[in-house]
Amino acid sequence: MPKTIQFNSFQTTYNKLLKNAINDLTKVNIQYFHHDFQSEPFLHVEAKVENVMLEHVETHGLVITVLTPETTFTFTERNYYTNLSNDAVVFSSKNDGETYCIIEFI
């Protein structure tokens, strides 16, 4: 069974994302799951990571941004919990218990 660790700190999650992004792992696999579609993601992106950023925005707290050539993914401390499970990073919504995003580097 994979070990899951929950963090209240977006800084720890950012460090993990940054470490994986600059490693030899060149692509990111991002899957969003929502409500009754638990077994299938409603959005799936596989792309090269261009940048991972962390910034503080007064109204949202810490914000993690993952940039790919195709799109930008943003996670705010105010709206997401974050967990690390082996090499995957999981963001789950604070507002909806069934919406979450899994980020894996491949």
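The values are calculated or read from the model by the stated rules, or taken from the named source; none is laboratory data. Since the model is a prediction, treat every value here as computed from it, not as a measurement. Here the Cβ is made from the backbone with ideal geometry for all residues, glycine too, and neighbour counts use every protein chain on show.
All conditions but one from (1) among the basic types (Lys, Arg); (2) in contact with a His (Cβ under 6 Å, 6 or more places away or on another chain); (3) at pLDDT below 90 apply to residue 3; the one that does not is (2). Being closer than 15 Å to residue 10 by Cα and at pLDDT below 90 is a property that holds for residue 60.
Check whether at least one residue in the range 13-34 is part of a loop (DSSP other than H, G, I, E, B), closer than 17 Å to residue 101 by Cβ, modelled with pLDDT under 80 and over 12 Å from the mean Cα position of the chain (by Cα), and report yes or no. The answer is yes, given that some residue of the range 13-34 is part of a loop (DSSP other than H, G, I, E, B), closer than 17 Å to residue 101 by Cβ, modelled with pLDDT under 80 and over 12 Å from the mean Cα position of the chain (by Cα).
Among the residues of the range 57-82, those identified as within 9 Å of the chain's Cα centre (by Cα) and either farther than 22 Å from residue 29 by Cβ or surrounded by fewer than 17 Cβ atoms within 10 Å (Cβ to Cβ) (or both) are 65, 74.
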